1. Set the Förster distance to 35 Å, then compute FRET efficiency between B:GLU423 and A:MET144 from the Cβ-Cβ distance, nearest 0.05.
2. Just need the relative contact order of region B:236-344 here, percent rounded to a whole number, with Cα pairs under 8 Å and 6+ apart.
3. Given labels modelled 7 Å from the Cα in the Cβ direction, how far is it in nm from C:GLU94 to B:ALA470?
4. By its C-alpha gyration tensor, with a ≥ b ≥ c as the square roots of the eigenvalues, how is region A:258-344 shaped: rounded for a/c under 1.5, else prolate for a/b larger than b/c, else oblate?
5. Please check which bits of region B:547-567 a label hung off B:LYS272 would reach, taking the label as a point 7 Å along Cα-to-C-beta and the cut-off as backbone N under 13 Å.
6. Could you tell me which trypsin sites (Lys or Arg not before Pro) in region C:176-244 are loop residues by DSSP with no more than 15 other beta carbons within 10 angstrom of their beta carbon?
7. Can you put B:VAL7, B:VAL150 in order, fewest other beta carbons within 10 Å first?
8. Which whole-number percentage describes the relative contact order of chain B, with Cα contacts under 8 Å and a sequence gap of 6 or more?
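Bear in mind that the values in this text are calculations on the coordinates, not laboratory data. Since this is a predicted model, take the numbers as computed values, not measurements. Note that each Cβ is placed from the backbone with ideal geometry, even for glycine, and that neighbours are counted across all protein chains shown.
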Amino acid sequence: MTEIIDQHQEGKRDVTFRVFRFNPQVDSKPYFDDYTISAERGITVLRSLNYIKEHVDATLSFRAFCQAGICGSCGMRVNGISKLACTSQVWDELDKCREPGIIRVEPLRSLPMIKDLIVDMDPLVDKMTRYSNWIDSTMPLADMGKKEFLISEEEFQQYDKATDCILCASCVSECSILRANKEYVSPAVLLKSYRMNVDSRDGIHDLRLAELVKDHGVWDCTHCYRCQESCVKSIPIMEAIHAIREDALESRGPRDTSGAKHAEAFMEDIEKKGKLVEATLPIRTNGVVWTLRNLLPMAMKMIVKRRTPPPPPLVKSAKGIKIFRAMFREMTEHVKQDHLKSHKK
Amino acid sequence: MKPFDIVIVGGGGAGLYAAMEAMKTNPALNIAVLSKVYPNRSHTSAAQGGANAALANKAKDDSVEMHIFDTIKGSDYLADQDAVDVLCSEAPKIIRELENIGTPWSRMEDNTIAQRPFGGAGRPRCCYCADKTGHTILQTLYEQCLRKGVLFFNEYFALNLSVHGSRSRGLIAMNMKTGKVEAFPAKTVIFATGGYAKMYWNRSSNAAGNTGDGQAIAYRAGIPMKDMEFVQFHPTGLRKSGLLVTEGARGEGGYLINKDGERFMARYAKEKMELGPRDLVSRSIETEILEGRGFDSPAGKYIHLDLRHLGADLIKSRLPQIREMSLNFEGVDPIEEPIPIRPTAHYSMGGIDTDNFGRTVMDGVYAAGECACVSVHGANRLGGNSLLDILVFGRIAGHTAAEEAGKFEPGSISEEELRESVEEIRTRMQPSGHYERYGALREELGQTLALNVGIFRESSLLHKGIQDIAELKERFKKVRVFDSSDVFNTNLQQVLELKNMLDLAETVAVGALAREESRGSHTRIDFPVRDDEKWHKHTLATLVDGKAIPGEKPVTMGRYELQERTY
Amino acid sequence: MKRYAYYMSCINESMTKEVDRSIDFWQKDLGLEFVKLHEGTCCGGSNLDYVSPKHFALVNARNIALAEKMGLDLVVSCNTCLMTIRTAKKKLDETPALKKEVNDILKKEGLEYRGTSEVRHLLWVLVDDVGLDTIKAKVTVPLKNYRIAPFYGCHILRPSTVLGRDNPLAPSSLDQLIEALGGQTIPFEHKNRCCGFHTLLVAEEESLNVAAEALEEAINSKADFIVTPCPLCHTVLDGYQSKALKQAHIDSSIPVFHISEMVGLALGYTAKQLGIKRHIVC
């Protein structure tokens, strides 16, 4: 509290914005410009950039529209983290600077650069199209606009939070896999796909899911949680990704894709031994040929270092595995009962 | 480029609905949507409250007729009654249609679409999705447009209509990504570019881009603007940004306090205090500030919205969004300190004069949404009717254009015309000697409008406002564009937006000076009462030889006779 | 002596045996006693919770209940096991019906999940329980002259609603440990990024790209080695290092240590004792 009062009395601070610059017409490569302005308490990063554009350097280019955290235009990286410039307080950012007093401002990652802080959003729109990120209504054409679907609170709750997404692309920029491969579906599109797939008004669930389980789809997520952590609307994106996988296993079976097989292997091993049988995991996920081709050279090195996981017979079961197994199977019965109940509904 | 059947300018609720409906009406048509932002960024997303429709899910005795009456009364009897008929009769259908295609409406206990009470409505008929109604509607429409393969030209900035005689041949626009000025020859053009309240700049709750581009283009093409003087102010905007602090803050018991520490609403509305109607609270705050009882700061004068007595728990649980906004945009935690606020320009009732089908006076040119004035809001818009307006009339404009496109010969736009559009920009970029900064002009425009064409209007103030605007227009000729890049030249775009705002600002001020009465959002100190005999009519502003020429148009009456508007 | 139940991660019993081995050397030196949970089972990795949420809850309620039976907190030395078990704990604590269903089954083994034991990472125990001052005092071979890149990995930081110990955007616990051991931390942009482990078998090329980025930064920053609190990160950064760097056309290499090994070195144990020779890159 005293700190707040001190800041209030202090009123203003000199802040340097180190801003990423790139104009494809003249620059062969990007560089940084430093702008030092006097920033009062309560000012946002976006307002600071507006000030710089109006008073210091009119060529500085960035997108901004609603300036109130709902349109998603001003996604950029501030001190290395993707967020909205319009809802980021300069004085908060000052506490996060690597170099004291210098706030770094850079464009979002993993989308093509256009100019300065502006990146191309078309790849994201293309993916929304590829993964049918819309409701294909089951309402007969003749009844459109005349009847309502009845939607339970329970169903509404499933997608309520997901519909908060403003497509600011912060998660896209932070995604680990997208950085490694631009073809990857991307977190925002997975979130939207999930939102459509749990909506009972929609009629193309199976089609959408079939697309999602293909290469560069839902199984490529590496569970790094960066999307969720950077979401400006605090949407639990990983829960949506997990829900798509759960749905894929249930709707398409555990032998559907390498991702599904991999996930299912954990279930098998835990039931059998209480421990993961790592040695055969690659084979069970991708088959013998893939394993020999991809992992043999490395396996040789590991054998030399005695780092290879033990073959299945040598994997010691957890102590007391028998009673554990009985309990595990009892839970399997519970799950079966749950399914029967939900199908009856 | 192959001529389009329909070019829609604007990708918000009205534009997207128009696109969807036009494709449905005639799938063979060649349709394009141009938007200066990605459509999902449009300002429709900022509408929190909801959309009115007499579904009678909540109040079983609600009816379209009651909705019609509430809207007409709310408009202070300036709305055209046949247009209001269309708005309210179409409402249930449009809300259900959106429901059918995925809008996640909040639900009642019986799983039907939920409805809540809203200001000025006799029954709870506002359909909503939590506090993100506009956002979810916009998402739904964008999703459906992607589904139907609507052809989007995103981040294109519209420059001019190509006009030949009494009709348009299409649109000229700049591709922001390349800076190239491109021709969009088209049989029909629909403007759906949103409102113009951002001309009040830091005294507006609108997005930075709500600069009335469509209206300005139409205006320069000779199409009349209607009822431009009617601008709605919301009582509680944040001091620095003009962003909206929703009514919930006062609903939960927040106090309005002046610099003497008084709860001054006692002077204006003893009973209702802070919960008086929007226009009254706005006028009260403005009076406090004008009479010297406001606080002063470099960001302007303001008063306090004090929530501290509500306690940290209530603020955190019931008003989390308001706390977040206050922290994000003022750096003030309402648990510890009062929020600095002042009234903010929120919505523009006026716009491009259209009929009930979205047609303008120019063949092949249509308009819908906040950029149009049908008029369904008259002198004052009811909460929950703006989203409804963009949906209903966006759809109608799309349908009408699709039906009528065949009537018009395909136009073509000459190289000469394109060159002119480019030339105008080029000269802007080659200033010599003394130059002006667009940022300063923009701020001055907002200031003079807020001061002279704001909540309280009066002959001498309005004359001053008109003079200021004329001077700003002169100075605008010397504005310099520093960015010489073709790629995403936001400097140039903002200068062109300022030009649009300046052109329209004149029509707002001229209309306000002409209208010698007080009606709805328009308050004249020198003419404090509604004067139905002289002023029960629409005002028009048409550009002739560079000047706004006033005109007028009768109000279409219907079942409801003129009455005093009291609540 | 501070006592803890110690969760035996699958990987530490197969590919990264050096983790548990090195802890055994120094635990007493720091006044710690880890009681190994031989009855513990695989936590389900990051997969079981969506394959079967109920089995996931059962398995991890049991893992925690084993520690609760001894009245001890549960210490984990793998990031993903930590995140997984803590996620299950959160769900159990927030969902009374689930807790009851699980406990009805656990009764068979005489176990009950009550929610009384904390689930914590080895790194947190070192920094928060042993304390940096105590650690400093015990160091016999300070890691001075070493430039060390701290690689936290994901699941000790994110989701922050489940982990919560470090600021996920600017974590500091590992940096503090390194400095207490006398080492010099380098600014490391990838410190809170992903190693790519969890897609190694599903999207190998992407995984290795992810790993290569982190390795490249460490190499370019002239770090002497990378240190990580997670055996899964270690497996990628060390075991797959040559493949990842080859794919990224980088001709170099960098050793990667577990925190348990780094502590062991600073307390005077040899690389051989600690099992560092078992690394692929060393």
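1. The computed FRET efficiency comes out at 0.10.
2. 37 percent.
3. 6.5 nm
4. Taking the square roots of the gyration eigenvalues as a ≥ b ≥ c, region A:258-344 is oblate.
5. From region B:547-567, the list is B:565-567.
6. Those that pass, being in a loop and sparsely packed, are C:LYS222.
7. Ranking B:VAL7, B:VAL150 by Cβ neighbours within 10 Å, fewest first, gives B:VAL150, B:VAL7.
8. About 22 percent, as a whole number.
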